[in-house]
1. Pull up segment 273-294, narrow it to residues that are among the aliphatic types (A, V, I, L, M) and out of contact with any Lys or Arg (no Cβ under 9 Å at 6 or more places or on another chain), then point me to the one that is surrounded by the most Cβ atoms within 10 Å (Cβ to Cβ).
2. Please work out which one of (1) free of Cβ contacts under 8 Å to residues at least 40 places away in the same chain; (2) among the polar types (S, T, N, Q); (3) under 28 Å from Lys337 (Cβ atoms) is the condition Ser99 fails and give its number.
3. From Tyr102, Tyr37, which residue is hydroxyl-bearing (Ser, Thr, Tyr), assigned to a helix (DSSP H, G or I) and surrounded by 20 or more Cβ atoms within 10 Å (Cβ to Cβ)?
4. Residue by residue through segment 270-303, note down the ones that are farther than 19 Å from His182 by Cβ, under 18 Å from the mean Cα position of the chain (by Cα) and of a type outside the set (A, V, I, L, M).
5. Looking at Gly76, is it within 30 Å of Asp372 (Cβ to Cβ), buried (at least 16 other Cβ atoms within 10 Å of the Cβ), within 21 Å of the chain's Cα centre (by Cα) and modelled with pLDDT of 95 or more?
6. Out of all the residues in segment 7-21, which are assigned to a helix (DSSP H, G or I) and either in contact (Cβ under 8 Å) with a residue 12 or more places away in the chain or not charged (D, E, K, R) (or both)?
7. Provide a single number: the residues in segment 291-316 that are free of Cβ contacts under 8 Å to residues at least 12 places away in the same chain and within 17 Å of Leu362 (Cβ to Cβ).
Amino acid sequence: MKNKVKDLAIFSGKPVFNKIRSTSNLVQPSAEIFYTYAKKSFDVNHFTNNGPVLIQFERKLSEIYQSDYCLGFCSGFWAIALCIKCLAIEGKNEIIMPSFTYRRMADIAAWLGMVPNFCEVSSKTLGMTASTVEQCINENTALIMGIHPIVNLCDIDGLTQLSQDKKIPLMFDSVEAAYASHHGKMIGSFGEAECFSMHASKFINGFEGGYVTTNNPDLAHKLQRMRDFGISESGEIVDLGMNAKLSDIHAAMALASFDDLEDQIIRNRNNYHIYYKSFEEIDGIDLVEYDEVEKRTFKNILVRLNKRWPISREATIKIMHAENMLVRPYYSPPLHKKNQKYPTIYGELKLTEELSEQYLLLPCGDFTDQDDVYDIVSLLRFIQNNGNEIEEAL
């Protein structure tokens, strides 16, 4: 594929791919299956406000996640925002969350007039732990936001126990843990609530949208009212609310995605195993491994460029972008390093800062097949073997 350094696309060589290979899932279900689900709404002229497809969607997800309730929302953002609004301790304003996470997570807190208090993470899982969270707890702590990192899970058991001991509500952002399990139990019934996204890049594609799972009936009924202008079943306005409903068309897209979930996991796992075996031969790259004992989707490929990798991460990204491989740095820069226009709280986050310079998301998902994975690995092997010459040429 690449015989000489000058063959790299960054030096005007021919790119490996004619079309971009993304780091996102981007699974498109069968159009015919989507139309079949959507037709149920057309047949009864009911497309929103708890239409028949949304009801079917929520029941299906409750079964999958083994939760008492599932509620669809127009986006994952507002699913999280309304859960925070319901669960945060009144009169307190700090939400504990990691800085090493989704680039807009702190914005959600700011929208609600809350203050993010950034905690450290584990070098093993890249997620928050009970011990890192406990260091941030104070008299103003209103909520613990347990955020699952990509590939691994955060410290579910430790955070649950800490929440009970400190009497601080715990909710989970489980966007990156959809369809995963913990000790054999499906993610979706831990904490007071768990929130998910159905953006096209996520495991379940609803065009856009989100959902909340919970076993708390009071919370479920309150969220149901709040997503619908605060209107109760009797038609009275009884809560602060907004229009955050999920339409039946989005629910139909999500249901169409369900029919392919297991096959999707098989495709993802096959690509993951190619990466896994190939990286045994590349000294400078460590693959972040999935727990194959538990249920996982294998939808993302995350690697660490270790000290034996010959060029910088930034240079690696530029080279791969030129080859139409849309790789991305993993949660970099961390949130506490961004110039936020709202108050935040953080102490020394040395590990977070170190980790944020090391990780890279590689192409995966429905537009990356097994032959593509071999080509991607071949390029990385070429960089490993010719690093000094590439560095000089750059």
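The values are calculated or read from the model by the stated rules, or taken from the named source; none is laboratory data. Keep in mind that what you see is a predicted model, and the values were worked out from it rather than measured. Using ideal geometry, Cβ is built from the backbone for each residue, glycine included, and neighbour counts are taken over all protein chains shown.
1. Once the filter is applied, the top-ranked residue is Ile274.
2. (1)
3. Tyr37
4. Listed by number, the list holds a single entry, Tyr272.
5. Against the criterion (within 30 Å of Asp372 (Cβ to Cβ), buried (at least 16 other Cβ atoms within 10 Å of the Cβ), within 21 Å of the chain's Cα centre (by Cα) and modelled with pLDDT of 95 or more), Gly76 qualifies.
6. Once the filter is applied, which keeps residues that are assigned to a helix (DSSP H, G or I) and either in contact (Cβ under 8 Å) with a residue 12 or more places away in the chain or not charged (D, E, K, R) (or both), segment 7-21 yields Ala9, Ile10, Phe11.
7. 2
Here is a yes/no grid of residues against (1) in contact (Cβ under 8 Å) with a residue 24 or more places away in the chain; (2) of a type in the set (D, E, K, R); (3) under 20 Å from Ile64 (Cα atoms); (4) out of contact with any Gly (no Cβ under 7 Å at 6 or more places or on another chain):
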position	(1), (2), (3), (4)
Gln135	yes, no, no, yes
Ile144	yes, no, no, yes
Leu153	yes, no, yes, no
Leu159	yes, no, no, no
Val175	yes, no, yes, no
His182	yes, no, yes, yes
